[in-house]
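Read through the structure below, which is laid out as structure tokens, and then see the notes.
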Amino acid sequence: MKVTPHHTWAQYTLPRKELTMARHEANLLPISERPLPEGPMWIDEEAFLREAGAQSLKTETTYRSGLRLFADWLQHYRKAGYSRKDAWPLAPGQLTTDVVLEYRGWLLANRAKSTVTTYMAAIVGYLNFLDGYDRLPDTMQLGKLQRQMARRQIERNQAENVIDLDLARQDVPRIVEYYDTLPLPGDNDRYNRRLTVLRDRAIVRMLYSTAARISEVVSLNRANVGHGRAAYATIVGKGNKGRTLHIRAYAREAVVAYLAERGDTNQALFVSHSRNSGDARLSITSVHNVVKRAVNALHLHESLSAHDFRHYRATQLLRAGMPLEVVQEFLGHADVTTTRNIYAPVLGVQVVTEWLDNLDVTPRDALNDPNSGYAVDERVQNILDTL
């Protein structure tokens, strides 16, 4: 892809304030760019999280992120009477059923479906917690909220989503190309733009090469990848299961170029380069936003996210003939049944299409087939000739 006037650093630095680079960094709120709060953003949040995360620290952490994003959205966009002037923790008294549903719509347009599900579970859980202690605002109707969410939600399994977005995912290589062809500043400036381009190139190539989960990519350290020279990286993945990431030459090349210009001592492979970040490890949200930036710039399907690299690579390799068991190992699935259930329908579509391309005949040709065993009805054939 050639660099056009619309594919420049002016676009990469994102003129809209809510899309500036600071928004994507781990120590800033993702929408308003404010520093992360040291304490909770909602009244009774800590008590709710202790209860919700009693069995899982990951659940507690994810729910905290979900409630934090909800509060930031309300304040930044001045919803339900909230504003950035309101001190934390926020009181839930101004929340309404309609504003929660509006927020869900915003999430669906700006986050992966799995994130929407988890973040909405955090909000509904928090509201249920308040209701259990008779602290739910009168403007919130939990029954109505849950009915509306169920009515608006189309129940779909993961395999159906893979099929529906299969065509859109064929643009995943264009995301890699976007960063590869983005002009690289000659010198690093106070905004670390050169470093950021090098980092983002390495991120998308790593996502493509490894088909790793986003959480696995952000958890990588320099030593895991041999400072960019290792062809393999052993990690602990989902379910505390050890797995191997395969880092192809094109990904190693980008990682080496990025690390060669890093001047910090953080052992994390990917870090923030905003002026106020302190070189903190990059967050999952930040990686999602790296991909979304290219999706928006290239006008690709709006639902494409960092996780789609994983789906794209799986279907790409299966179509090329890689055995299902090998793809299972590549993706780090604990059971080959998981791989089969998600991706077999996509391959089924391809197999049927290939057979139809070879064997299918038009209705007119079927009538003229001497082996069909049926007499030719001229009236029917004349009708077909006009089609």
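Of (1) closer than 23 Å to residue 243 by Cβ; (2) polar (S, T, N, Q); (3) assigned to a loop (DSSP other than H, G, I, E, B); (4) over 20 Å from the mean Cα position of the chain (by Cα), residue 305 satisfies all except one. Which? The failed condition is (4). Of the residues 294, 344, the single one that is small (Gly, Ala, Ser) and either assigned to a loop (DSSP other than H, G, I, E, B) or within 18 Å of the chain's Cα centre (by Cα) (or both) is 294.
Close Cβ contacts (under 6 Å, 6 or more residues apart or on different chains) running from residues in the stretch 316-333 that are touching a residue at least 12 places away in the same chain (Cβ under 8 Å) to residues that are in a helix (DSSP H, G or I) and aromatic (Phe, Trp, Tyr) comprise 318/343. Checking each residue in the stretch 94-114 for being open to solvent by less than 50 Å² (accessible area, probe 1.4 Å) and touching a residue at least 40 places away in the same chain (Cβ under 8 Å) picks out 95, 96, 97, 100, 101, 104, 111, 112.
Tallying residues that are modelled with pLDDT of 90 or more and open to solvent by less than 20 Å² (accessible area, probe 1.4 Å) within the stretch 50-69 yields 3. Inside the stretch 34-49, residues that are touching a residue at least 40 places away in the same chain (Cβ under 8 Å), among the charged types (D, E, K, R) and open to solvent by 40 Å² or more (accessible area, probe 1.4 Å) make up a count of 1. Taking every residue in the stretch 180-192 that is within 19 Å of residue 203 (Cα to Cα) and pairing it with any residue that is part of a loop (DSSP other than H, G, I, E, B) and open to solvent by 60 Å² or more (accessible area, probe 1.4 Å), at least 6 positions away or on another chain, the pairs with Cβ-Cβ distances below 6 Å are 181/1; 181/3. Among the numbered conditions (1) modelled with pLDDT under 90; (2) exposed (fewer than 15 other Cβ atoms within 10 Å of the Cβ); (3) touching a Lys or Arg at 6+ places or on another chain (Cβ under 7 Å), the only one that residue 188 does not meet is (2).
Here residue 83 meets the list (1) closer than 29 Å to residue 278 by Cα; (2) surrounded by 20 or more Cβ atoms within 10 Å (Cβ to Cβ) almost entirely, failing just condition (2). Given 79, 85, which one is basic (Lys, Arg) and more than 25 Å from residue 289 (Cβ to Cβ)? Only one candidate qualifies: 85.
When residue 283 is tested against (1) free of Cβ contacts under 8 Å to residues at least 60 places away in the same chain; (2) in contact with a Pro (Cβ under 9 Å, 6 or more places away or on another chain), exactly one condition is not met: (1). The set of residues from the stretch 360-376 being assigned to a helix (DSSP H, G or I) and at pLDDT below 80 comprises 364, 365, 366, 367, 368.
Restricting attention to the stretch 253-284, and to residues there that are more than 23 Å from the chain's Cα centre (by Cα) and among the aliphatic types (A, V, I, L, M), which single residue is least open to solvent (accessible area, probe 1.4 Å)? The extreme case among them is 259.
The values are calculated or read from the model by the stated rules, or taken from the named source; none is laboratory data. All values derive from a computational prediction rather than experimental measurement. Don't worry about glycine lacking a Cβ; one is built from the backbone with ideal geometry, like all the others, and counts go over all protein chains shown. Accessible surface areas use protein heavy atoms only, side chains included; no ligands, DNA or RNA. Shrake-Rupley method; radii C 1.70, N 1.55, O 1.52, S 1.80 Å.
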